[in-house]
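Peer 1: Quick one: structure below, then a few questions.
What follows draws every value from the coordinates through simple rules; no lab data is involved. Everything numeric here is computed off the predicted structure, so don't read it as measured data. Cβ sites come from the backbone with ideal geometry, for glycine too, and all protein chains shown count toward neighbours.
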Amino acid sequence: MKIHGFCHSSKMWNLIIEIFLLTVCLIMLLPFMWIFATSLRSPANSFKLPPSFIPTEFQWSNYAKVFQAIPFWKFLTNSIVITFFSVALQCLISTMAAYVFTRLEFKEKNLLFMLILTGLMIPPQITIIPLFLIIKYMGIMDTALALILPSMVYPLGIFLLRQHMMTIPKSYDEAAYLDGASYFNVFWYIVLPMSRPTITVIAVMHFIAVWNDFFKPLIFINTYEKMTLPLGMTILKGFMNNGSVSVVLAGVMLSVIPPLLFYVVGQNKLIEGMTLGGIKG
């Protein structure tokens, strides 16, 4: 009887937890449902009360107005190029730095690692002025490099990869060295493949950060055609003055699609990385 009661109680708790999680998911989805429903409304009904979370109108012309108001594809291409190279270079630098901190011995290694970790404690707003002066001195203002180069070093990525590589037994390295492998061979053929789950996690995290970045493009990009998508979307605020928030929200929906597709395609690798890498969300 006790076992039966315990099983019944366990099932009830599982049911309660599932209902709770479904409720939380629904609450989190409500804003996106409202944005989508409102983006399909006519301007006159943009702020109609009570708010509707299910489309009652289908004004697809609002999405057409977005393409008429801004060079959407140009902004999208700019964001894709900047994000791709930022994430690729960041992953390369983070993996190499983590490998050095876990596999090589040199003087003041721990001090250097602590200095890198200080980057996690400094708000980006504090470094924007010296970063601006450096970029201006290099002569790369108003170029994609002004956004890519500062994004190459990701202290959190170095930290997470270092912690993961410390769990990889060094016996693999020693066996490879006995077969004549170099430091680079060990890094490329042994450590790097075993770190792939964690690399996926930091790639997704950095992708979201770079893709959604508004502050640095606002400071470093001046040419209209070179704007990123988040910065270019601000042009749509003119529709707010005309009372047509539906067009603005249509632009928001379009800008959400690329990162959403990126997550859908890579969600299995992301979950695998969070599990195997020991990174708790």
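Peer 1: Given H placed 1.01 Å from N in the peptide plane, which residues other than close sequence neighbours of E57 have an amide H under 5 Å from its amide H?
Peer 2: none
Peer 1: Exposure proxy check: K107, K136, K65 ranked by fewest other beta carbons within 10 Å?
Peer 2: Listing K107, K136, K65 from fewest to most nearby Cβ atoms yields K107, K136, K65.
Peer 1: Between R103 and T167, what is 0.36 nm times their sequence separation minus the Cα-Cα distance? Round to one decimal in nm.
Peer 2: So the extension gain works out to 21.9 nm.
Peer 1: For the chain, what are the DSSP H helices with axial Cα length of 27 Å or more and mean Kyte-Doolittle hydropathy of at least -0.5?
Peer 2: Flagged H segments are 2-39, 72-103, 245-276.
Peer 1: Considering the chain as a Gaussian network with a 10 Å cut-off on Cα pairs, which listed residue, L260, L231, L160, attains the greatest mean-square fluctuation?
Peer 2: Of L260, L231, L160, the most mobile in the Gaussian network model is L260.
Peer 1: Next up: Where does each of H206, H164 land when they are ranked from fewest to most other beta-carbon atoms within 10 angstrom?
Peer 2: Starting with the residue having the fewest Cβ neighbours, the order is H206, H164.
Peer 1: Let me ask something else. Report the residue, chosen from Q163, Q90, Q68, that carries the largest GNM mean-square fluctuation when the chain is represented by alpha-carbon nodes joined by springs under 10 Å.
Peer 2: Q68
Peer 1: Once the piece of chain linking V256 and S182 is laid out straight, how much longer is it, given 0.36 nm per residue of separation minus the C-alpha distance between them?
Peer 2: The V256-S182 span can extend by a further 22.2 nm.
Peer 1: Under the 0.36 nm per residue contour assumption, what length would be gained going from the current alpha-carbon distance of T77 and F47 to full extension?
Peer 2: This chain segment gains 7.6 nm when fully extended.
Peer 1: For the stretch 27-127, run through the GluC sites (Glu not before Pro) and keep only the ones in DSSP coil with at most 12 other Cβ atoms within 10 Å of their Cβ.
Peer 2: Filter output for the stretch 27-127: E105, E108.
Peer 1: With the cut-off at 31 Å, report for the chain the share of all Cα pairs above it, as a whole percent.
Peer 2: 48
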